[in-house]
There are 2 protein chains.
Amino acid sequence: MKEKELIQIIKSTLNSEYIGDDCAYLPDLGITVTQDSLVEDIHFSMKYTNAYKLGWKSAMVNISDVCASGANPVYLTIALSLPKNIKADFVEEFYKGAKDACEDVKIVGGDITGSEKIFISVTAIGSTKGRKISSRSHAKAGYKIIVSGRHGSSGAGLISLINGLKYPDFIEAHLIPKAQRKFSEQIAVNALYDYAMMDTSDGLADALYQIADASNVIMKIDFEKIPYDKNIEKFSDWKDLILFGGEDYQLVAAVPEELLKNISDYTIIGEVIERNNKSDGKIIIDGKHYSDIDNKLYNHFEE
Amino acid sequence: MKEKELIQIIKSTLNSEYIGDDCAYLPDLGITVTQDSLVEDIHFSMKYTNAYKLGWKSAMVNISDVCASGANPVYLTIALSLPKNIKADFVEEFYKGAKDACEDVKIVGGDITGSEKIFISVTAIGSTKGRKISSRSHAKAGYKIIVSGRHGSSGAGLISLINGLKYPDFIEAHLIPKAQRKFSEQIAVNALYDYAMMDTSDGLADALYQIADASNVIMKIDFEKIPYDKNIEKFSDWKDLILFGGEDYQLVAAVPEELLKNISDYTIIGEVIERNNKSDGKIIIDGKHYSDIDNKLYNHFEE
C-alpha cells in the first residue's frame, strides 16, 4: 500500500483534527510535537554514514519539523533499537552527534531496546511562546512563496555516495543537514497573520504540493528563482533533484508580502494564486501544471 | 552489552539531569513526556497477539509511564514501521486498539514508514496541572509502600500463551493491560510532599529496586501482602512471576502515611527504612536481602 493511503486510513480511524501537519499543535499545552523514525536500509545505510552522523541527522530532521511549525525547538526524546552485537562506542558517538545537532535543544529521555536492524524514533517538542504557528492549510492567494537555503544538494549527495562521486558539499548536505531555525524564528515571531510553512524533507515540489492541496490554492513557481548550488548542473536530471530530491530540510513558506520587510535571508520563488477550476494544477512551475506529483515522490510502501 | 550499561553511556554522553525517570519532567512546559518502543520478535510476536491488541498495548504502556510520573495523560504520538506486504486492515485494527486504550487521551500525530519487522514507537505527554510529580529518588524512610492491582498475571499470561495453557484472565492481563490512571490521579492530586512512584513494566521487584537505589533507602516488603490471583500458584516459580514477571503495568509508590487517608484501592506491601550500611540489601523481601537483582531481570542486550 502507499504511505498516503495508509495515512488516510489512520485519519479516518482516529477521526482526529490533529493529523495533517508534520507537527501537532497543542495550544492548551503551548507546544507543538512531532515524531519521525529512521529505519536502517530504508532511510539510511551504514555503508554511507556513521554513528555520529546518524545521531546528528536523527535529531536534526525532527528539529526541522518543529521549525516548520514555527515553534521554538526545546526538547527531544530518542528511542533507539540496536542489534545485540552493537558496540558501546556506537551508542556514545550516536548521542554525541545528536547532542551536537541539538545545540540548546535538550535531550530529555527515550528508550533503548534490542532489534535486528537499527531503528531510531525521535520526538521533538517546540514551545509556541511568542510564536505564531504555521499550518499547511494557511496559504492564501496573493501570498509570496519564499524558501531558505539551496535545494537539491542532499539528493545530489546521496547519488554521490552511491556512485563514489567526489562532491563533499553535497554529501555533507545529505548526511549532516542543518535545520533552518533562524528562518523559522523570524517568520513565526513577526507574523501577524496566518501563514503556511513546511520543510522540504520530502522534496521542494512535495512541500509546495501539500500546501496547495491543503489550502486549495495554486503555488505558482518560477524555477529560475530557486536557489541551488551550480555544481548540481553536472548531474543528469538535475532539475528533478532540485524539485523532487528531498532531505534538504530547507523551509518553504507562503507568507503575506508585508511580512518580508521584517525578515532576511530568504528567496522569493513564486506566489500563491487562486485555484478556481478543478482542472488547474495544484503547483505550476514555469507554466507547467502538476496535478499529482505522487509518481515523482519517494514512497516506502510503493511496490 | 547490557541495557543498563548502555543507558550509563547515554547519561554520561549527554550529561543530562533528565535521564533517570521513565518520564522526563519539563516544568517550564507543564508536562511530562515518555517514549517507548516495541519491536516485533523482541517485545511481542504476532503468533500470540493481533493488530488490535498490539495497538492497545503500544498506547497503554506509554500511558502507564505517564501515570507513574503522576501527570495526567493527555496526548500520544505513534510512529509505526511496517513491512511492505502489510494489509490496510492491520493499520486500521492497530489504530482502533490504540484509540480504545486511549479513552480521552488524544492521538495527535506520528509517522508511518517501511521496515522489515514491525516496529512501534509511542510518545506520551502528560499535563502536570494540579498534580505533584513523582520521582524514583523521592522515597524516604518511614514512607509506606503501596501498590495497585494484582501482580504476576502478565508473566503468567505469557507462559500460558507460549505453552497453550487456558488462563484467559492471565492472557488478557498480558495482551491488553490497563494503566492505573485512577491510582495515579489520587496520589498526584492529593500529595503534599515528595513521593516516589513507578510502574511495574519491568517487574515489581525491579521497580522497588530502582526506587531504593535512586533514593538510597531500603524497600522492606512483606511478600504475603502482595495482591495476586490465586490461580498463579498453579505455575512453577509462581513467586518469581509475582516479583520479577514484568508487564503488569501496575503502580508501586512510596508515600507518606498521612496521604493514605485521601486515597482508596491500594494495598500496603511494606515500608521504606533507612539504609545505613553498604552491606544492606536495597530491597528486603520477607527478610531476604537483594543487593542486585539484575540477573533476575529481562535484558534485551544480555548475551
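Inverting the mean 1/r over all pairs of different Cα atoms, compute the Kirkwood radius of the stretch B:1-61 and quote it in Å. Show your work: numbers first, answer last.
Numbers: mean 1/r = 0.0705 Å⁻¹.
By the Kirkwood definition, the hydrodynamic radius is 14.2 Å.
In what sequence do A:213, A:202, B:36 fall when counting other Cβ within 10 Å, fewest first?
Details: A:213 16, A:202 20, B:36 24.
Result, fewest neighbours first: A:213, A:202, B:36.
Can you give the relative contact order of the stretch B:22-127 as a percent, counting alpha carbon pairs under 8 Å and 6+ residues apart? Intermediate results must be reported in sequence, preceding the final value.
Working: 214 pairs, mean separation 44.7, N = 106.
About 42 percent, as a whole number.
Kindly give the distances from residue B:142 to its copy-mates, label point to label point, with each label point 7 Å from Cα along Cα→Cβ, as nm values to one decimal ordered shortest first.
From this label point to the equivalent ones elsewhere in the assembly: 6.9 nm.
Let me know the Rg and Dmax you get for the stretch A:85-213 when you use only its Cα atoms, in Å.
Both quantities, over Cα of the stretch A:85-213: 18.1, 56 Å.
Helix-only mean residue ellipticity at 222 nm, chain B, DSSP H runs n ≥ 4 weighted -39,500 (n - 2.57), per residue, nearest 500. What is it? Don't skip to the end; give the middle numbers.
Numbers: 8 runs with 94 residues, N = 303.
Theoretical 222 nm ellipticity from helices: -9500 deg cm²/dmol.
So if I restrict to the alpha-carbon atoms in the stretch A:45-103, what is the Rg, and what is Dmax, the biggest pairwise distance, in Å?
12.4, 40
Starting from a Cα-only point model with no solvent, please compute log10 I(q)/I(0) by Debye for the stretch B:93-153 at q = 0.28 1/Å.
-1.26
Over its Cα atoms, what ratio of radius of gyration to 2.2 N^0.38 Å does the stretch B:213-262 give? Kindly include the intermediate steps, with their values, before the conclusion.
Numbers: Rg = 13.8 Å, N = 50, 2.2 N^0.38 = 9.7 Å.
Ratio of Rg to 2.2 N^0.38 Å for the stretch B:213-262: 1.41.
With label points built 7 Å along Cα→Cβ from the Cα atoms of residue A:129 and residue B:45, find their separation and express it in nm.
With each label point 7 Å from Cα toward Cβ, the separation is 5.0 nm.
Could you size up the charge dipole of the stretch B:79-183 around its Cα centre, putting +1 on the beta carbon of Lys and Arg and -1 on that of Asp and Glu, and report it in debye to the nearest 20?
Details: 17 positive and 10 negative charges, 156 e Å.
Dipole size: approximately 760 debye.
Which one of A:29, A:64, A:54 is farthest out on the positive end of the charge dipole of the stretch A:1-65, using unit charges on Cβ (Lys, Arg +1; Asp, Glu -1) and the Cα centre as origin?
Comparing the listed Cα positions along the dipole, A:54 ranks first.
Just to check I understand the Karplus step: with θ = phi - 60° and J = 6.51 cos²θ - 1.76 cosθ + 1.60, what whole-Hz values come out for the stretch A:265-274, glycine and proline as x?
Using θ = phi - 60°, the values come out as 6, 9, 10, 7, 10, x, 9, 8, 10, 5 Hz.
Using a 10 angstrom cutoff on alpha carbons, build the Gaussian network for chain A and name the most mobile of A:225, A:84, A:239.
So, out of A:225, A:84, A:239, the one fluctuating most is A:84.
Considering the alpha-carbon set of the stretch A:144-296 alone, what are its Rg and its Dmax in angstrom?
Every Cα atom of the stretch A:144-296 included, Rg and Dmax give 15.4, 48 Å.
So for the stretch B:22-127, taking the charge dipole from beta-carbon charges (+1 Lys/Arg, -1 Asp/Glu), which of B:86, B:45, B:125 sits furthest toward the positive end?
Value computed over the given set: B:86.
Measuring from a point 7 Å out along Cα→Cβ, what nm distances, shortest first, does residue B:130 have to its partners in the other copies?
Here residue B:130 shows inter-copy label distances of 3.1 nm.
Counting other C-beta atoms within 10 Å, which of B:238, A:56 has the fewest, and how do the rest follow?
Numbers: B:238 18, A:56 25.
Going from sparsest to densest Cβ surroundings: B:238, A:56.
Mind telling me which of B:46, B:197, B:60 comes out most flexible in a GNM of chain B, alpha-carbon contacts under 10 Å?
B:46
Pull up the DSSP beta bridges for chain A and report the antiparallel fraction as a percent, rounded to 5. Mind showing how you got there, number by number?
Numbers: 41 of 54 bridges.
Given both bridge residues lie in chain A, the antiparallel proportion sits at roughly 75 percent.
Which one of A:256, A:217, B:164 is farthest out on the positive end of the charge dipole of the protein assembly as shown, using unit charges on Cβ (Lys, Arg +1; Asp, Glu -1) and the Cα centre as origin?
A:256
Give, in whole angstrom and from largest to smallest, the semi-axes √(5λ) of the equivalent ellipsoid of chain A, with λ running over the eigenvalues of the Cα gyration tensor. Write down the numbers at each step before the final one.
On the way: eigenvalues 176, 106, 73 Å².
Over the Cα atoms of chain A, the ellipsoid semi-axes are 30, 23, 19 Å.
From the label point of residue A:85, set 7 Å along Cα to the beta carbon, how far off in nm is each other copy's matching point, shortest first?
The projected label point of residue A:85 is separated from its counterparts by 2.6 nm.
Just to confirm my numbers, what's the Cα centroid distance between the stretch A:144-168 and the stretch B:42-110 in Å?
36 Å
Taking the Cα centre of the stretch A:144-296 as the origin, how large is its charge dipole in debye, to the nearest 20, when only Lys and Arg (+1) and Asp and Glu (-1) carry charge on their Cβ atoms?
The dipole of the stretch A:144-296 has a size of about 220 debye.
Of B:14, B:241, B:76, which is the most mobile in a GNM of chain B whose springs link Cα atoms less than 10 angstrom apart?
Answer for the Gaussian network model of chain B: B:14.
Assigning unit charges at the beta carbon (Lys, Arg +1; Asp, Glu -1) and nothing else, what dipole magnitude in debye, to the nearest 20, does the stretch B:22-127 show about its Cα centre? Numbers along the way, then the final one.
Working: 9 positive and 14 negative charges, 59 e Å.
About 280 debye.
Considering just Cα atoms, how many Å³ per residue does the convex hull of the protein assembly as shown enclose? Provide the component values of the computation, followed by the final result.
Numbers: hull volume 90.5 nm³, N = 606.
Hull volume over Cα atoms, normalised by residue count, gives 149 Å³.
Taking every DSSP beta bridge that has both residues in the protein assembly as shown, what percent is antiparallel when rounded to the nearest 5? Numbers along the way, then the final one.
On the way: 82 of 108 bridges.
Of the beta bridges lying entirely in the protein assembly as shown, close to 75 percent run antiparallel.
Taking all pairs of distinct Cα atoms, average 1/r, flip it, and tell me the Kirkwood hydrodynamic radius of the stretch B:22-127 in Å to one decimal place.
Numbers: mean 1/r = 0.0722 Å⁻¹.
Roughly 13.8 Å, rounded to one decimal.
With 10 angstrom as the radius, rank B:286, A:248, B:206 by how many other C-beta atoms surround their C-beta, starting from the fewest. Let's see the in-between values first.
On the way: B:286 11, A:248 33, B:206 22.
In order of increasing Cβ crowding within 10 Å: B:286, B:206, A:248.
Taken together, the values in this text are just the output of simple stated rules run on the coordinates, not laboratory data. Remember, predicted model here, so these are calculated numbers, not experimental data. Here the Cβ is made from the backbone with ideal geometry for all residues, glycine too, and neighbour counts use every protein chain on show.
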